[in-house]
Amino acid sequence: MSVASPAAAAARGALVLFSGGQDSTACLAWALDRYARVETIGFDYGQRHRIELDCRRTVRSHLAARFPHWGAKLGEDHLLDLALLGQLSDTALTSERAIEVAANGLPNTFVPGRNLLFLAFGAVVAWRRGLDVLVGGMCETDFSGYPDCRDNTMKAMQLALSLGLDAPMTVETPLMWLTKARTWALTQSLGGDALNDLIVEDTHTCYLGERGQRQAWGHGCGQCPACALRAAGHAQWQAGREAPASA
């Protein structure tokens, strides 16, 4: 999706799809840096890693405390019960099973329709709250092959939501073309070491819901696809920071 200019965004309000993970926290910081009013929405769908729902509160609280200029813009949080999605799904994100690639070529962490439902319910809340921008961490560059993360899917949803609500509803995906290394660089540019330290310490991305061991890149099992992507991206970003400047 295209990204609105800072000047155009200044007077608008945004609703961030906020899971409590690295990507959604990057999106929240990005939105707070651009929009006059920002609210967040999360979804409880019986996810295996539902510890992320607890992390959401911590991230919001610490973000507001450490960045008062953003805290002044940070509005209400909304948590929706989407248990039906978990009941309809038979995936490694909603049940205890090994993570693997399914016969259709997709990883079995794919929850069919998840992002479509998130955007639809998010748009309803945004419309009711007088917000006209939805911000999500969908990404085509470092992703697991999920079709509901594709740019064309987001464009189609933006059109459908705007038509269905009879009101413009912009879908912003600031991470769509970023690698995980560039996502770390983005948050560094937005909030420096303080923001990246918060992401390492407070966010949750591990599919297995493990928070025991803290790695350089954050808490997690270190083995699942989400942890592997996060770790590799952090290592690449750090290597880029430490590389000497070219002459």
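Derivation of every value follows stated rules applied to the coordinates shown; laboratory data play no part. Computed from a predicted model, the values in this text were never measured in an experiment. Please note: Cβ atoms are built from the backbone with ideal geometry, for glycine as well, and neighbour counts cover all protein chains shown.
Return the distance in nm (one decimal) between the two label points of a simple spin-label model at Gln236 and Leu159, each offset 7 Å from Cα along Cα→Cβ.
3.1
Tabulate in residue order the Karplus-calculated ³J(HN,Hα) for the stretch 191-196, using 6.51 cos²θ - 1.76 cosθ + 1.60 with θ = phi - 60°, rounded to whole Hz; enter x for Gly and Pro.
Working through the residues one at a time gives x, x, 4, 4, 6, 5 Hz.
Determine, for Leu80, Leu131, the number of other Cβ atoms within 10 Å of each Cβ, and report the residues in order from fewest to most.
Leu80, Leu131
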